[in-house]
Amino acid sequence: MFLKIQRNSSIPMTKQIYDQVKHLILSGDLKDDACLPSSRKLSETLKVSRNVVVEVYEMLTAEGYTKSVRGSGVYVSKSISISRPEAKGPILKLPRIEDTDNLISFKVGNTALDKFPRNKWLQCYREGLSDLPDKELGYGPSNGYLPFRKTLKDYLLRSRGINCHEDQIIITSGTTQSLHLLTKYFSQLPGSILFEEPTANTIRELLEISHPNTAYHPVDQEGIDPDTLPVDSNLSCILATPSHQYPLGGSLTISRRVELIRYARRHKCYIIEDDYDSEYRYDNAPVESLYELDPEHVIYVSSFSKILMPGIRIGYMVLPNNLIENLCHLKDILDVQCPIFIQAAMTNFIRKGYLEQHLVKTRKNYRRRRLILIHALNKRFGDKVNILGSQTGIHLVAEFHNINFTKELMDKIKKSGVYIAGVSEHAAIPENYRSQLLFGYGNIGEEEIEKGIEILHNCLKNEFIF
């Protein structure tokens, strides 16, 4: 019986010997009823303490791999050898995350990751953890840490004019979980969910796998038009991005907002207001939220992904009173609660004014990057490009006249060193949006913006006449 001991290993010798003998038994290399070397002989062969071998034999016998016959020795048990397939990694077809590390990336959704105030966050995290009472370290309420909900309530009143009670707020791990909970709830009720076309492809897929009845409705440059909504449709809710339509970037006028509320009241349905990046508004003052117009028919959903960073994974919903109990119960079933340490850290981060300080700094950065991007597009493409949705957020849409961004053309751009997504990737009818590209400018340097647009121009001028 050949065994190999690695004396400098962090794995104890007992474990090394045990694993090797067990493997020999299971593989059939040690046959049924084979007698193992005596503990004395094996310890001398391996140059280890006899107590080590005795402990190994006792473990093997206790687990049934061997049997000890007094005065005779230790024997392999019968009929326990088994062929074990080689461990191989699974072949997974997971959603592909674009590798843009070596590209000039106009990826939408990323914030200025290098501007995240790590030291301030770490300070708030340490203080939050240190100050948490012992009882808070156990299972907590599914709707979230109460001090955080109170702090968030005050922040929403300051930043968005939303007047609500802290018990109307449910903390989630982001907008995706909020929408998953909502679609799960509405799937139990009659009626369908209506969402905008185009919309984020991940949101579309989430709705379609979570709800048996979904329908999309086209938007124009201002967003969803209530006058075009179905008159006789049986809807349970409407998902909209009224402050900054994703991805086209339109913003609902107050007249459309009022009409959308009236539509929800007439049809006895809810509006899910996805307010994902309205903190960044450049040309006009922030528009009043739909929730504040009608707290009984609007569910307000947002997160900190577009303010701080996507990796922070913390979001929230503000609900009408009659939905709170059911949604809290549903969240309790699905994941019990969100991490308490992150909520405690965010509580401190907001109370100390760090969040609003960060918003002021990043708003200046994004405003400057936005202007550089618009100038570069106009300089390179002139009247061949039309810019949409640049008033809010950290992305805009560029519509190129008489250009069809096929897969081949998009691959060519990427091979040239620039990553850009097409609006068509987020559309149920991609053909309607083949001329439009999405430019995220949250996590890209100013020089990279200029260079990226130059490369894009070079790619296009070889195929089209400007």
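The values are calculated or read from the model by the stated rules, or taken from the named source; none is laboratory data. Quantities reported herein were computed from a predicted structural model and do not represent experimental measurements. When we count neighbours, we look across all protein chains shown, and the Cβ atoms used for this are built from the backbone with ideal geometry, even at glycine.
If I ask for residues that are at pLDDT 95 or above and in a helix (DSSP H, G or I), which ones from segment 158-174 would you list?
Matches in segment 158-174: Glu166, Asp167, Gln168.
If a residue must be aliphatic (A, V, I, L, M) and farther than 27 Å from Arg7 by Cα, how many such residues does segment 32-85 contain?
4
Determine whether segment 294-305 contains at least one residue that is of a type outside the set (A, V, I, L, M, F, W, C), assigned to a helix (DSSP H, G or I), at pLDDT 95 or above and touching an Asp or Glu at 6+ places or on another chain (Cβ under 9 Å).
Checking segment 294-305: not a single residue is of a type outside the set (A, V, I, L, M, F, W, C), assigned to a helix (DSSP H, G or I), at pLDDT 95 or above and touching an Asp or Glu at 6+ places or on another chain (Cβ under 9 Å).
As an exercise: evaluate Ile312 against (1) under 22 Å from the mean Cα position of the chain (by Cα); (2) free of Cβ contacts under 8 Å to residues at least 40 places away in the same chain; (3) over 20 Å from Asp154 (Cβ atoms) and give the number of the one condition it does not meet.
(3)
Against the condition under 25 Å from Leu293 (Cα atoms) and not basic (Lys, Arg), how does Pro226 come out, does it pass?
yes
Could you list, in sequence order, the residues of segment 108-133 that are of a type in the set (D, E, K, R) and either in the same structural domain as Gly311 (by TED's automatic domain parsing) or in contact with a helix residue (DSSP H, G or I) (Cβ under 9 Å, 6 or more places away or on another chain) (or both)?
Lys115, Lys120, Arg126, Glu127, Asp131
Please state which of the following conditions Arg50 fails to meet, knowing it meets all the rest: (1) in contact with a Ser or Thr (Cβ under 6 Å, 6 or more places away or on another chain); (2) within 28 Å of Ser79 (Cα to Cα).
Tallying (1) in contact with a Ser or Thr (Cβ under 6 Å, 6 or more places away or on another chain); (2) within 28 Å of Ser79 (Cα to Cα), Arg50 fails exactly one: (2).
Look through segment 253-268, keep the residues that are surrounded by fewer than 15 Cβ atoms within 10 Å (Cβ to Cβ) and touching a residue at least 12 places away in the same chain (Cβ under 8 Å), and return whichever of them is nearest to Leu189 (Cα to Cα).
Filtering segment 253-268 for residues that are surrounded by fewer than 15 Cβ atoms within 10 Å (Cβ to Cβ) and touching a residue at least 12 places away in the same chain (Cβ under 8 Å), the one nearest to Leu189 (Cα to Cα) comes out as Arg265.
Of the conditions (1) modelled with pLDDT of 95 or more; (2) of a type outside the set (Lys, Arg); (3) surrounded by 14 or more Cβ atoms within 10 Å (Cβ to Cβ); (4) farther than 22 Å from Ser251 by Cβ, Gly353 fails just one. Which one is it?
(3)
Picking from Ile224, Ile238, Ile203, Ile271, which residue would you name as being surrounded by 15 or more Cβ atoms within 10 Å (Cβ to Cβ), within 21 Å of the chain's Cα centre (by Cα), outside the structural domain of Arg434 (by TED's automatic domain parsing) and of a type in the set (A, V, I, L, M)?
The conditions single out Ile203.
Phe341 is checked against (1) crowded, with 21+ Cβ neighbours inside 10 Å; (2) in contact with a Leu (Cβ under 8 Å, 6 or more places away or on another chain) and fails just one. What number does that condition carry?
Tallying (1) crowded, with 21+ Cβ neighbours inside 10 Å; (2) in contact with a Leu (Cβ under 8 Å, 6 or more places away or on another chain), Phe341 fails exactly one: (1).
Out of Glu166, Glu208, Glu197, Glu222, which single residue is in contact with a His (Cβ under 7 Å, 6 or more places away or on another chain) and either of a type in the set (Asp, Glu) or over 30 Å from Glu431 (Cα atoms) (or both)?
When all the criteria are applied, what remains is Glu197.
Scan segment 387-411 for residues that are more than 21 Å from Gln221 (Cα to Cα) and either surrounded by 15 or more Cβ atoms within 10 Å (Cβ to Cβ) or among the hydrophobic types (A, V, I, L, M, F, W, C) (or both) and report the count.
Going through segment 387-411 one residue at a time, the tally reaches 2.
Would you tally the residues in segment 181-190 being out of contact with any Lys or Arg (no Cβ under 7 Å at 6 or more places or on another chain), crowded, with 17+ Cβ neighbours inside 10 Å and in contact (Cβ under 8 Å) with a residue 40 or more places away in the chain?
3
Take the residues in segment 281-305 that are more than 15 Å from Arg257 (Cβ to Cβ) and among the hydroxyl-bearing types (Ser, Thr, Tyr); name whichever of them is surrounded by the fewest Cβ atoms within 10 Å (Cβ to Cβ).
Tyr282
Quick check: anything in segment 239-251 among the aliphatic types (A, V, I, L, M) and within 19 Å of Leu293 (Cβ to Cβ)?
Yes, segment 239-251 has at least one match.
Being free of Cβ contacts under 8 Å to residues at least 40 places away in the same chain, over 20 Å from the mean Cα position of the chain (by Cα) and buried (at least 17 other Cβ atoms within 10 Å of the Cβ) is the requirement here; does Leu229 meet it?
yes
Can you find a residue in segment 351-360 that is more than 26 Å from the chain's Cα centre (by Cα), of a type outside the set (Val, Ile, Thr) and closer than 30 Å to Glu127 by Cα?
yes
Based on what the data block shows, is Thr61 in contact with a Leu (Cβ under 6 Å, 6 or more places away or on another chain) and touching a residue at least 12 places away in the same chain (Cβ under 8 Å)?
Criteria not met by Thr61.
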